[in-house]
Amino acid sequence: MFPFETTALVEEALNCARAKTARICTVETVTSGLLAAALTSVSGASAIFERGFILYHADAKATGLNVNPELSRLHGAVSSPVTQALANQGLQHSGAGISIAVTGYAGPTGGNENDPVGTCYISVSTNGRANSFVERYNFEGDREAVRLGAVDASLRLLNRALSNYN
């Protein structure tokens, strides 16, 4: 179902998380469950992948998982502060040790001057640690290319975070 590169990134994440006894949670807007689907496409994922949250409607993106609505009002629902808050809240609403959140504009509509269509923010938070971070990406192509690009970038970021997970 997923390209070989995506599956290889998933296997790396699951193996690393298993070795570090870390469960994974996802919080998705732009990918609407594709990241969770990728993570669960490999046998044995049920021991590592705990749960995923899909927040697709604008209201849900802005306030889902008890994110302060002021963040969205000040920065936009697709922004670094909101994405980081979603990752942090993913941890609070799960028993996972690591949470990854992804927001963005898949197109063909949406976006703005600062964050055009193709812009995605990805954040990783780890439970009880101060290594929460956000990265911004801009993917080229149609809606599917943006969403699949965001999945692969999320998995790469997750793998990087897991390599530093204690």
Worksheet entry | Contour excess over end-to-end distance, with Cα ends at ARG73 and ARG160 and 0.36 nm allotted per residue | 28.2 nm
Worksheet item: When you take every Cα atom in the range 70-129, what is the radius of gyration, and what is Dmax, the widest Cα pair distance, in Å?
Response: 12.6, 38
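What dipole magnitude, in Debye to the nearest 20, does the chain give about its Cα centre under +1 on Lys/Arg Cβ and -1 on Asp/Glu Cβ?
520
Would you rank LEU65, LEU158 by solvent-accessible area, highest first, keeping every protein chain in place and using a 1.4 Å probe?
LEU65, LEU158
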Worksheet entry | For the chain, calculated [θ]222 nm from helices alone, where every DSSP H run of n ≥ 4 adds -39500 (n - 2.57) | -12500 deg cm²/dmol
Worksheet item: Rounded to the nearest 10 Å², what accessible area does ARG23 show when all protein chains are kept and the probe is 1.4 Å?
Response: 100
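Protein chains only, probe 1.4 Å: how do TYR56, TYR105 rank by accessible area, largest first?
TYR56, TYR105
To the nearest 0.05, how large is the calculated FRET efficiency for ASN66 and ASN114 if R₀ is 25 Å and r is the Cβ-Cβ distance?
Plugging the Cβ-Cβ distance into 1/(1 + (r/R0)^6) gives 0.45.
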Response to the item:
Among SER154, SER125, SER43, the residue with the largest mean-square fluctuation in a Gaussian network model of the chain built from Cα contacts under 10 Å is SER43
Worksheet item: If you average the sequence gap of Cα pairs under 8 Å that are 6 or more apart and divide by the length of the range 1-133, what percent do you get for the contact order?
Response: 23
Worksheet entry | More than 14 Å apart - percent of Cα-Cα pairs taken over the range 110-164 | 56
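Can you tell me the length gained on complete extension of the stretch ALA47 to HIS93, counting 0.36 nm per residue apart and subtracting the Cα distance?
Computed gain between ALA47 and HIS93 is 14.7 nm.
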Worksheet item: By how many nm would the segment from SER132 to TYR56 grow when fully extended, if each residue of separation counts as 0.36 nm and the alpha-carbon distance is taken off?
Response: 25.1 nm
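Hey, can you list the DSSP H helices of the chain whose Cα span along the axis is 27 Å or longer and whose average Kyte-Doolittle score is at least -0.5?
143-163
Taking loop as defined by DSSP and a crowding limit of 12 other beta carbons within 10 Å, which GluC sites (Glu not before Pro) in the range 110-166 fit?
GLU113, GLU140
When the convex hull of the C-alpha atoms of the range 1-154 is computed, what volume per residue in Å³ does it have?
On the way: hull volume 15.6 nm³, N = 154.
For the range 1-154, the hull spanned by Cα atoms encloses 101 Å³ per residue.
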Worksheet item: Residues of the chain: accessible area per residue at 1.4 Å, in Å²?
Response: 46
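The values are calculated or read from the model by the stated rules, or taken from the named source; none is laboratory data. Quantities reported herein were computed from a predicted structural model and do not represent experimental measurements. Reconstructed Cβ throughout: ideal geometry from the backbone, glycine too, with neighbour counts over all protein chains shown. Ligands, DNA and RNA are excluded from the accessible area calculation, which covers all protein heavy atoms including side chains. Shrake-Rupley method; radii C 1.70, N 1.55, O 1.52, S 1.80 Å.
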